[in-house]
Amino acid sequence: MAQSLECVKKNSVITGWDFSTGGVKCLAFDVEGRVLAEVRLPTDLWFGDSPKTGIRELNLMQLEGQAFASVRAIAKALDEAGLLNRWIAGGISATHHTAGRIDANGNQIRRAICWNDATLAEYHAVGLERLGGQEKVQELIGGPWAIRYSLSHLVKDESTLAEADWKRTYRILPHGALAAGYLTGNFDVCSVSVAASTGIMDLRSRKWCREMLGALENETYRQLAWKQLPKIIPQYTPVGPLNDAMAAVAGIRGKNRPLIFPTSDDQQAGLVGGGAVDAGQVAVILGNSAVVNSSSAERPTSGELDVMRLNWGPYLWMRCYNNGAQFLDKVVGPNPDWAALEKAAEAVAPGTNGTLVMPFVNPEPSRGISLKQAKVRWLPKKPRSAGEQFRAALEAIAYLIAMAVEEHEAAGQNIKRITVSGGIARSNLMCRILASVLDKPLVRLESEEGPALGAAVTALAAIESHLRKEKQIRKRFTVGDAVEIMVRFRDTVEPTPEWTAVYRKGLAEFRKQVAVLAKS
């Protein structure tokens, strides 16, 4: 039976930040998960000379500005509602595979290289060879080192960053730890989730693994990188309160400032925001990336799923696709009439009259799709009507998700429930298609803000546990307890029986065409 709150007051306010490479959100929630106020800010990425270079980087001065702007705006909204003095804690979701370098003043030395930077593949391959391959990596850290993990950034830095910049680097930090640092002034710590996203932490011991720095050729750089890693802290230990500058911006006086707790990778936050914290529960997040996550007490028994470690203990099994909303946006164009598209697509037969689309605007390493092969391809040809194009695009995303769900099952996950959230999940048709492709019911969340809600849920668990420790209350309050309080489900979408056979054939053909493309 779930624990109830004993230390956090029922009228408290918890914020959840979602720092993504597509934008920044800060939502204020009550302890039952209702949104009280929200702030949304843009993010601009650097593409080098052209997006075709594959470069994707984030200026850290922009990130610092987003931290300040979000605090200023959310505090004003809470103050106008008479709720500012009830704001007690905040949690952060961020793309932890996005990481940068700062000096001792917190200023940028190198922009954060993003999770979907397509230039990393060659450096990852070099580093992997130096270590002895993925089998050796599994031996060292208990999981894979994927291309987007920030160890790949260090291998690239060895070739592209000046020695002087290596030496004046104070910290190498992923997105969430940087955001927490700008909010609190503490750049010296990170969460288990942050560390698991680097490819340098041993997932079993939750400690840094120095041997992984063998991916670097230069011994001096290996030594510097080791010194520049932050301390890994537990889920329930605060990073710190809002710092003086942030408190001044927020109009908060005195010492009772909101506490910021260790950050969540957006996959961890999406898992929590999807209410999937127990074994057998799967969270599908349909956002800029398309993600299938599950949690387990054990590592996968087989397969090539990404494996991370959750802040509170269990393992996170993950398949994260680079092609989600970014692909869909390419199909529908700017400022689409979503309602009209939905209506038109509903009138199209399942399987879109034999049309398939390869949804790869970005490389998709897990499916063998390189930067060179990344392109939207219509088979046998692009349909004329917007409704057909939209339906085929939704079906392609559903097929990708189905392939990931199959990977989870093959790796040992006994799936009992699948939840779905994210912007694309607003489409009723998308949910019906996905349920029919999977031939499994989908539970839709009431909130469409999975990562931001997940960040707030972890913050509620952390502040309640922190206060219990201060008051010497021994009963544990877990993230699962916080999920029971804050995460609410909307409805269940059942498979459409007459669609399932069509989509079974469609999935088989999609899988075949992806394999053909990967070999081309």
Worksheet item: In the list P262, P230, P258, which residue meets the criterion of being modelled with pLDDT of 95 or more and closer than 23 Å to P144 by Cα?
Response: P230
Worksheet item: So which residues in segment 180-194 are more than 14 Å from the chain's Cα centre (by Cα), within 17 Å of Q235 (Cβ to Cβ) and either in a helix (DSSP H, G or I) or among the aromatic types (F, W, Y) (or both), if there are any at all?
Response: A180, T184, V192
Response to the item:
Counting only residues in segment 238-270 that are of a type in the set (G, A, S) and within 30 Å of V155 (Cβ to Cβ), the one surrounded by the fewest Cβ atoms within 10 Å (Cβ to Cβ) is identified as A269
Worksheet item: Which of the following residues is buried (at least 19 other Cβ atoms within 10 Å of the Cβ), of a type in the set (G, A, S) and not assigned by TED's automatic domain parsing to the domain that holds A177: A461, A508?
Response: A461
Worksheet item: Only one of V420, V437, V443 is touching a Cys at 6+ places or on another chain (Cβ under 7 Å) and either at pLDDT below 95 or closer than 20 Å to P495 by Cα (or both); which?
Response: V420
Item to complete: Sort out which residues of segment 109-151 are part of a loop (DSSP other than H, G, I, E, B) and either out of contact with any Ser or Thr (no Cβ under 9 Å at 6 or more places or on another chain) or assigned by TED's automatic domain parsing to the domain that holds C320 (or both), and write them in order of number.
Response: G132, G133, G143, P144, I147
Worksheet item: Which of (1) touching a Phe, Trp or Tyr at 6+ places or on another chain (Cβ under 8 Å); (2) buried (at least 20 other Cβ atoms within 10 Å of the Cβ); (3) at pLDDT 95 or above is the odd one out, the single condition Q235 does not satisfy?
Response: (3)
Worksheet item: Has segment 358-377 got any residue that is surrounded by fewer than 24 Cβ atoms within 10 Å (Cβ to Cβ), among the basic types (K, R), at pLDDT 95 or above and part of a strand (DSSP E or B)?
Response: yes
Worksheet item: Which pairs do you get when a residue that is more than 21 Å from G480 (Cα to Cα) and in contact (Cβ under 8 Å) with a residue 60 or more places away in the chain, found in segment 248-271, comes within reach of a residue that is among the small types (G, A, S) and buried (at least 20 other Cβ atoms within 10 Å of the Cβ), reach meaning Cβ atoms under 8 angstrom, with the pair 6+ apart or on two chains?
Response: V249/A75; A250/A75; G251/A75; I252/A75; P258/A89; P258/G90
Worksheet item: Given K330, K381, which one is in the same structural domain as L429 (by TED's automatic domain parsing), surrounded by fewer than 21 Cβ atoms within 10 Å (Cβ to Cβ) and part of a loop (DSSP other than H, G, I, E, B)?
Response: K381
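Condition (residue is of a type outside the set (S, T, N, Q), without any contact (Cβ under 8 Å) to a residue 60 or more places away in the chain and in contact with a helix residue (DSSP H, G or I) (Cβ under 9 Å, 6 or more places away or on another chain)) applied to segment 92-99: is it met by at least one residue? Write out each step before concluding.
Applying the first criterion (of a type outside the set (S, T, N, Q)) to segment 92-99 yields 92, 94, 96-97, 99.
Still in the list and also without any contact (Cβ under 8 Å) to a residue 60 or more places away in the chain: none.
No, segment 92-99 contains no residue that is of a type outside the set (S, T, N, Q), without any contact (Cβ under 8 Å) to a residue 60 or more places away in the chain and in contact with a helix residue (DSSP H, G or I) (Cβ under 9 Å, 6 or more places away or on another chain).
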Item to complete: Determine, yes or no, whether R253 is under 20 Å from L173 (Cα atoms) and of a type in the set (K, R).
Response: no
Item to complete: Pick out, from segment 426-520, the helices (runs of 4 or more DSSP H) lying fully within it that include 1 or more residues that are of a type in the set (K, R).
Response: 428-438, 450-470, 497-519
Worksheet item: How about segment 59-109: which of its residues are basic (K, R) and either surrounded by fewer than 16 Cβ atoms within 10 Å (Cβ to Cβ) or under 20 Å from D44 (Cβ atoms) (or both)?
Response: R72, R101
Worksheet, complete the sentence: Out of (1) within 21 Å of the chain's Cα centre (by Cα); (2) more than 18 Å from I113 (Cα to Cα), the one I200 does not meet is (2)
Worksheet item: Which of the residues belonging to segment 473-520 are basic (K, R), closer than 16 Å to A461 by Cα and over 28 Å from the mean Cα position of the chain (by Cα)?
Response: R474, K475
Item to complete: Mind listing whichever residues of segment 279-314 are hydroxyl-bearing (S, T, Y) and either within 16 Å of V479 (Cα to Cα) or crowded, with 22+ Cβ neighbours inside 10 Å (or both)?
Response: S289, S294, S295, S296
Worksheet item: If you scan segment 220-251, which residues turn out to be aromatic (F, W, Y) and not in a loop (DSSP other than H, G, I, E, B)?
Response: Y221, W226
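The values are calculated or read from the model by the stated rules, or taken from the named source; none is laboratory data. The model shown is predicted, which means the values in this text are computed figures rather than measured ones. In this analysis, Cβ positions are derived from the backbone assuming ideal geometry, glycine residues included, and neighbour counts consider all displayed protein chains.
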